[in-house]
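Below: the structure, in structure tokens.
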Amino acid sequence: MAKVVPVKRDADATRQRILDAGAVEIHRHGFRNASVESILADTGLTKGAFYHHFAAKADLGYAVIDESIRTQVLTKWVEPIEAALDPLSGFIGALSDVCSEDLNMVCDCGCPLNNLAQEMSAIDETFRGKLLRVYAEWRDRTAAALSRGQGAGYVRADVDCRNTATFIMSSIEGAAGLAKNHQDPEVLFVCLEGMTRYLESLRSEPRAQAS
């Protein structure tokens, strides 16, 4: 007898609906203030459906980090840089995308990764460990992209790629935090313009043209 594939697909789709709604709820209100009831209202699902997929609210929070926030970070900040021949131009393009696509959300709610790090790292070791792994992957893959840029002649040879990746990551997170606190896009523009100037300063001197 053939496997009943639609049942699994329906279960996966239900779990994804809860995860997506939970990510939005946590981003807007923080983990501790996030409401399971609001998530259920947004999805039209029952408590039974929720607790079938997530044994506790904390398990939803952990899944949001692993499956939603990590994906957002990699999609927004890592993959464009890895795909670019020149990683510095890839960075600058990613910064421009924030100003054009994510401006209102950043100013209203900040960065979901930074929000949870500020809220939960000191009080829940599992949250802290999962957030730390996302930060570490972001840093390490950024450093690797910068290193490839050095090899290709785009990034100055004297740049410490790991330290620079850490600084870039912290600057992005700090900009998001300031924009959220001020509720003012101009603050974000100032930060990202400064970040762009810094990235430009990492460029190698133009190569001499072959005679």
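A compact table of results
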| quantity | calculated |
| --- | --- |
| All positions within region 104-152 that are in contact with a Lys or Arg (Cβ under 6 Å, 6 or more places away or on another chain), over 15 Å from Ile65 (Cα atoms) and touching a residue at least 24 places away in the same chain (Cβ under 8 Å) | Cys109, Gly110 |
| The lone exception for Leu85 - which of (1) open to solvent by 20 Å² or more (accessible area, probe 1.4 Å); (2) of a type in the set (A, V, I, L, M, F, W, C); (3) in a helix (DSSP H, G or I) it fails | (3) |
| Subset of region 114-155 (residues that are under 17 Å from Leu85 (Cβ atoms) and not in a helix (DSSP H, G or I)) | Ala152, Gly153, Tyr154, Val155 |
| Matching residues in region 175-193 - criterion: being among the β-branched types (Val, Ile, Thr) and either touching a helix residue (DSSP H, G or I) at 6+ places or on another chain (Cβ under 6 Å) or modelled with pLDDT under 90 (or both) | Val187 |
| Some residue of region 33-52 being in contact with a helix residue (DSSP H, G or I) (Cβ under 9 Å, 6 or more places away or on another chain), polar (S, T, N, Q), under 28 Å from Arg139 (Cβ atoms) and open to solvent by less than 30 Å² (accessible area, probe 1.4 Å) | no |
| Helices (runs of 4 or more DSSP H) contained entirely in region 7-78, each with at least 2 residues that are modelled with pLDDT of 95 or more and within 16 Å of Asp124 (Cβ to Cβ) | 57-63 |
| Selected residue (only one of Met169, Met105 is open to solvent by 70 Å² or more (accessible area, probe 1.4 Å), closer than 17 Å to Thr75 by Cα and part of a helix (DSSP H, G or I)) | Met105 |
| Qualifying residue in region 141-160 (condition: more than 29 Å from Ala34 (Cβ to Cβ), in contact with a strand residue (DSSP E or B) (Cβ under 7 Å, 6 or more places away or on another chain) and of a type in the set (Gly, Ala, Ser)) | yes |
| Hey, Gly30 within 17 Å of Leu113 (Cβ to Cβ) and not aliphatic (A, V, I, L, M) or not | yes |
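The values are calculated or read from the model by the stated rules, or taken from the named source; none is laboratory data. Since this is a predicted model, take the numbers as computed values, not measurements. Quick reminder, even Gly has a Cβ in these numbers, built from the backbone with ideal geometry, and neighbours come from all protein chains shown. Surface areas here come from the heavy atoms of the whole protein model, side chains and all, with no ligands, DNA or RNA. Shrake-Rupley method; radii C 1.70, N 1.55, O 1.52, S 1.80 Å.
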